[in-house]
Structure formats: structure tokens, C-alpha cells
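Here the structure is laid out as C-alpha cells; the discussion comes afterwards.
Read the figures in this text as sums done on the coordinates, not as results from a lab. All values derive from a computational prediction rather than experimental measurement. For neighbour counting, all protein chains shown are included, and Cβ atoms are generated from backbone atoms with ideal geometry for every residue, glycine included.
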Amino acid sequence: MKVVILCGGYGTRIRDVSEHLPKPMIPIGRFPILWHIMNHYSSFGFNDFILCLGYKSERIKDFFLNYDTNVNDITVKLGSSGGIEFHRENVGVNWKVTLVETGIASMTGARVKAIESYINGDDFMLTYGDGLGNVDLKKLKLFHLAHGKTLTVTGVRPPGRFGELEESGDFVTKFNEKPQASGGRISGGFFVVSKRIFEYLNDDNNLVFEQNPMRTLAQERQLCMFRHDGFWQPMDTQRDYGLLNELYKTGNAPWVV
């Protein structure tokens, strides 16, 4: 089953972190957030990726075309007997990565439609290039196949934006800085998609996957939700960037295998 990752947006809300990188290439620790997402899928045996490129696509292409140089410590030997020695072979991966130009200004629905010719199976995975979670992808896949619908979305509880107080009289008994919302769920990405999805898409660059296509699927009872109560965190702002890097730096990153 192939994994399609949407990597083409402008990422305007996080430009204060980097104006020179597309959002999927912004680093969490040593590696771009895109690498972390792909590594999570790979840990469940999904190693065939299709990246939907757009804004600053050349930076993503360069990363994969020069993968060993980008992720390893290297020694460069100059002269007639020169060569390159790589020192961190533990970050080697067994991935197949197809990089597809899906348009600079295309919306998500148009980007998915653009990779139709690269899908040769009945179902595929789909996610965003800017969100991390510890979703059990094996259970997600089996849930989708068991229901036989066109689209399965992972429903998550959004992380709270404000500190949560538990009280007893005039005293605070517990403080949680970033509580998980206890209300309704939102789409966390991590979709599983039947190839029938392309019947709901077209070549209009303004087609947003999360609008008419998903609304129509819901009306036709072709949209299922896989519930995930574990970790999920998008990287939309500088604060999100700082949080994810702090979790990774301190060894508390739930998405790391």
C-alpha cells in the first residue's frame, strides 16, 4: 500500500521559523518533520511513498537526491584517490520515494488527483507533511479494509491551547499546561483511501480535499472515522515547532520508534 504525503503548501503561518524551507523540511532535531512522518510509516512496513510537491519543491528533491550526504556525518577525501566516507549508517532506510510536481498553487484535492496515475492498488494511505502522531497504522489499515468505505479519516482530540486547572475549594490541585481537549474530534489526517476517491476529484486547482469531496462522502456514508486517543500534534506555528523539538530533544517524543 502506497503512502501519499501532501508536501506542497506555502506554510504561511510558520514563516517566522524559516522563510527558506517548505514546511515539511523544517527540522525536528536532526531530521525534517517529513522524515519523521515517513519513518513512522516505515516502522509499520509502509515504505513506498509518493510526495505531492509544490512550494519550494527543489528543497525536498535535493534532500532525497542527496539523502546519504544530508543525513550522515561524512569525510570527504580529496585528490586522485578521493571519495566520501559515511559515518552514520544507522539512519539508512529502505524507502522508494516518488516526487511529483502537483503545482505551486494547487489545493489539496487537486494534488491528490494529480497522483492518480501513480496509484496501482485498490487502497492507499494519505497524510499531511506537517503533523506527527503515534497512530497505530496497522490497526488503521485493518479498520479501513473491514468497513470497505471510500475514505477513512483518523479522528483525534486536539491539543488544548490553554492551561487546565483542577481545583478543590480555593486551591489548585493539579495543573496541566497542554491538556488534550475532551470535546469533539477533529481530522488528524492519517487517511486510508480507496481508489474510488478519484471519482470525487477533478483537475480544478482550487479543489480542496477537505471540503466538497469529504462532505459528499459523508452524505453518501462513505466516510469512516478511526478513533485515535494517543499523541497527535500538527506543526502550524512557531510554538508548535518549539514543542515538537523540545519533546524530541528530551527523549519524550511519542512518535519516535
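Observations on the structure shown:
- Choice from Phe86, Phe226, Phe49 with maximal GNM fluctuation in the chain (Cα, 10 Å cutoff): Phe86
- For Ile28, distant residues with modelled amide H under 5 Å away: Ile33
- Gly189 long-range amide H proximity, modeled H, under 5 Å: Thr154
- When restricted to Cα atoms, the chain yields an Rg and a Dmax of 19.9, 79 Å, respectively.
- For region 49-57, putting each phi into the Karplus relation 6.51 cos²θ - 1.76 cosθ + 1.60 with θ = phi - 60° gives couplings of 10, 10, 9, 8, 9, x, 4, 6, 4 Hz, in residue order, rounded to whole numbers and with x for Gly and Pro.
- A simple count of charges around Gly189, restricted to other residues whose Cβ falls under 13 Å of its Cβ and scoring Lys, Arg +1 and Asp, Glu -1, yields -2.
- Restraint check, Lys56/Lys138; Lys96/Lys149; Lys23/Lys96, Cα-Cα greater than 29 Å: Lys56/Lys138
- Dipole magnitude for the chain: computed about the Cα centre from +1 point charges on Lys and Arg Cβ and -1 point charges on Asp and Glu Cβ, it is near 380 debye.
- Most fluctuating residue given options Asn94, Asn245, Asn134, as computed from a GNM of the chain linking Cα atoms under 10 Å: Asn94
- Working from Cα pairs under 8 Å separated by at least six residues, relative contact order for the chain is 25 percent.
- When each of the peptides 205-212, 185-192, 249-256, 105-112 is scored by the mean number of other C-beta atoms lying within 10 Å of its residues, the order from highest to lowest reads 105-112, 185-192, 205-212, 249-256.
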